[in-house]
Amino acid sequence: MMKKVIIIGAGIAGLTAGVYARQSGFDVTIYEAHSIPGGASTSWKRKGYLFEGGMHWLTGSSPKTALHKLWREIGALDDNTAIYNRDPFFVFEHEGKKAFLHRDIDKLQSHLIELSPADEKEIIRLCRDVRKFMKVDMPITDIRGVTVKEKTNIPISALFSMLPAFFRMPFYANQTAKEYAMRYKSLLLQNLCRSIVGDDNNATGMVFTLSTLAKSDGGYPIGGSLGMAGRMAKRFEALGGVIKYNSEVEKVIIKNGAATGIIINGAEVSSDAVIITQDTLVAIDTLFDSPLREPWADKMRVEIKPMLNTFICLGIKADLSDVHESIIFTCDMPVICAGKEIKEIGINNYAGYEGYAPKGCTAVTSIFAGDSYEWWKEQKINGTYEAEKQKLAENFIYVLEKKYPQTAGKVEVWNVATPLTYERYLHSYKGSWMSIMGKGAKMQSYPSKPNSISNLYFAGQRLTIPGGLPVAAETGRKAVQYLCRDTDMVFQGDY
Ligand SMILES: Cc1cc2nc3c(=O)[nH]c(=O)nc-3n(C[C@H](O)[C@H](O)[C@H](O)COP(=O)(O)OP(=O)(O)OC[C@H]3O[C@@H](n4cnc5c(N)ncnc54)[C@H](O)[C@@H]3O)c2cc1C
């Protein structure tokens with residue numbers, strides 16, 4: 001008889017695990033707390049506007065990458081999914097001067113030198129390194145000892161071509177993006193560098209981002225986050241998998257050191273294995289009768305620095321096609337978000353995206369990065385939460401109107417998602433959806449299965465720092481490889 005597998009969560013990790021587990025011959029049911037698939041990879045509609053609430057770029061969108069095959073196998077991308085490679089990726093504007101983050105590395109190099117000839121040496125060094133990093137591909141491999149229908153390995157030649165980048169990695173890993181940015185004399189270039197991955201991440205993320213863009217990867221699948229999650233859910237269900245929505249799992253049942261099912265609405269549902277894709281950091285403390293105590297879990301509790309944000313979206317009754325698609329601008333009058341002054345405002349402008357707004361109108365989103373969880377929680381307790389959301393939206397709208405007068409009086413919809421919103425929907429630590437890879441940090445991974453409990457697997461963004469969609473999918477695939485190895489099944493992925 002087919003072995004029964006329960007997956008907790010229908011985010012990208014859960015759907016990935018679901019598709020591979022079905023393809024490998026398991027009877028799979030996904031339990032999802034929300035009413036739709038996707039988790040953090042989501043979008044929502046308000047009064048005719050579609051707000052992209054998740055992905056801005058997808059590593060592995062290029063067919064030349066190893067990850068692309070994975071996205072195809074799980075139905076995230078298919079023959080009908082058009083990929084949009086935004087170029088320039090974004091623009092940084094300060095006091096009327098603009099720095100463009102061009103994808104083409106030669107074009108970027110000459111543009112930056114033109115902006116700041118005094119920084120030529122540093123610019124050339126960065127672009128030389130980006131060319132080295134372009135050879136590095138996120139590895140998709142098979143775990144040791146698993147039987148697979150088709151082997152997935154990294155060719156030795158590819159490993160050799162990655163060596164020059166590996167030698168340069170410590171240089172970037174041992175400084176934050178902000179520290180790296182200070183190497184430039186030009187304030188505009190400093191700001192550009194700081195904006196790519198944010199101040200607190202180490203500079204490796206910045207070089208990887210530039211190299212991903214330079215090799216025409218990191219595109220936006222048309223239809224966005226929700227479209228992608230929808231395609232994956234469809235693939236899973238077409239394979240015979242079942243998704244139970246509005247179904248929050250309360251506990252994983254452990255009997256004699258093995259996972260034997262879950263508890264939902266107070267009732268037991270039994271299974272031969274359980275794959276947890278809820279944020280691992282939360283799951284280890286909440287999904288068992290007592291917190292999971294293993295060295296890696298204790299390490300995770302101490303080491304994780306969560307990445308989170310406050311998100312604002314606007315529906316504007318104006319066509320903003322003449323405004324850059326993605327721009328960060330400095331302003332004298334700050335936006336106050338969670339008690340902090342923000343003078344660098346980034347917007348994503350979806351004027352050019354069909355179906356994202358009524359005709360002649362524009363959907364605009366903005367991300368205010370930073371750990372504002374406790375601040376918002378305090379507002380909730382004080383009863384000022386809704387008023388503060390409104391204050392933030394009004395402040396943001398005012399600043400936007402000063403910058404782009406064509407938006408004045410034209411905002412007809414606003415919506416603010418705080419870390420508490422994300423926490424409510426994702427059940428993740430502080431509502432976070434990735435982890436910060438700080439100074440000196442490596443791409444650290446946590447195990448896919450605990451030592452002390454059998455038939456139990458973990459997957460999701462938290463398992464490899466910094467996380468994101470590729471990690472969610474890769475760990476979902478890996479969890480199923482462990483499951484196959486433990487149950488003597490052949491791992492299969494097809495499209
Ligand atoms: C604004 C924003 C922009 C982003 N941009 C990008 C980007 O451009 N590129 C990129 O790669 N990544 C991006 N990310 C990150 C990426 O979306 C996430 O890292 C990824 O989607 C995480 O997937 P996951 O499956 O691991 O977790 P989640 O998406 O958190 O999925 C977990 C799922 O489990 C469900 N769940 C949790 N607990 C339970 C329970 N007890 N019972 C039942 N169900 C449960 C949740 O409802 C959720 O659906 C962005 C995220 C955000 C928020």
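Quote the relative contact order of the stretch 371-495 in percent (integer), defining contacts as alpha-carbon pairs under 8 Å separated by 6+ residues. Relative contact order here is 16 percent.
Simple rule: put +1 on each Lys or Arg Cβ and -1 on each Asp or Glu Cβ in the chain, find the dipole, and look at MET232, ASN153, ILE243; the Cα lying farthest toward the positive end is ASN153. Scalar couplings 3J(HN,Hα) for the stretch 286-298, obtained by applying the Karplus form with A = 6.51, B = -1.76, C = 1.60 to θ = phi - 60°, are 10, 8, 10, 4, 9, x, 6, 10, 9, x, 5, 5, 5 Hz; x denotes Gly and Pro. Taking packing as the residue-averaged number of other Cβ atoms within 10 angstrom, the listed peptides 468-476, 451-459 run from highest to lowest as 468-476, 451-459.
Taking every alpha-carbon pair under 8 Å whose residues sit at least 6 apart, the chain reaches a relative contact order of 24 percent. Seen through its C-alpha gyration tensor, with square-root eigenvalues sorted a ≥ b ≥ c, the stretch 167-304 comes out oblate because a/c lies at 1.5 or above while a/b is not bigger than b/c.
GLN190: net charge of surrounding residues, Cβ under 10 Å, Lys/Arg +1, Asp/Glu -1, itself excluded? Result for the neighbourhood of GLN190: +3. Which whole-number percentage describes the relative contact order of the stretch 316-406, with Cα contacts under 8 Å and a sequence gap of 6 or more? Relative contact order here is 29 percent. Distance from the Cα centroid of the stretch 292-325 to that of the stretch 361-392 is 13 Å (rounded to whole angstrom).
In the neighborhood of VAL146, defined by Cβ-to-Cβ distances under 14 Å, what is the net charge if each Lys or Arg adds +1 and each Asp or Glu adds -1?
Value of the local net charge: +3.
The calculated FRET efficiency for the pair LYS121 and ALA267, based on their C-beta separation and a Förster distance of 45 Å, comes to about 0.10. Counting every pair of alpha carbons in the stretch 350-495, the share spaced more than 23 Å apart comes to 59 percent.
Relative to its Kirkwood radius, the Cα radius of gyration of the stretch 309-429 gives an Rg/Rh of 0.97. Just round it to a whole percent: the fraction of Cα-Cα distances in the chain exceeding 35 Å. Taking all Cα-Cα pairs of the chain, the fraction more than 35 Å apart is 33 percent.
Starting with the highest mean, order 262-269, 307-314 by the number of other Cβ atoms within 10 Å, averaged over the residues of each peptide.
Result, highest mean first: 307-314, 262-269.
DSSP beta bridges confined to the chain are antiparallel in about 70 percent of cases.
The order of the peptides 270-276, 88-94, 342-348 by mean Cβ neighbours within 10 Å, most packed first, is 270-276, 88-94, 342-348.
Stretching the chain fully between LYS185 and PHE167 yields a gain of 3.9 nm (0.36 nm per residue, less the alpha carbon separation).
Rule-based calculations on the coordinates, nothing more; no lab input. Just so you know, these numbers come straight off a predicted model, no measurement behind them. Positions of Cβ are generated from backbone atoms using ideal geometry, with glycine treated the same way; all protein chains shown enter the neighbour counts.
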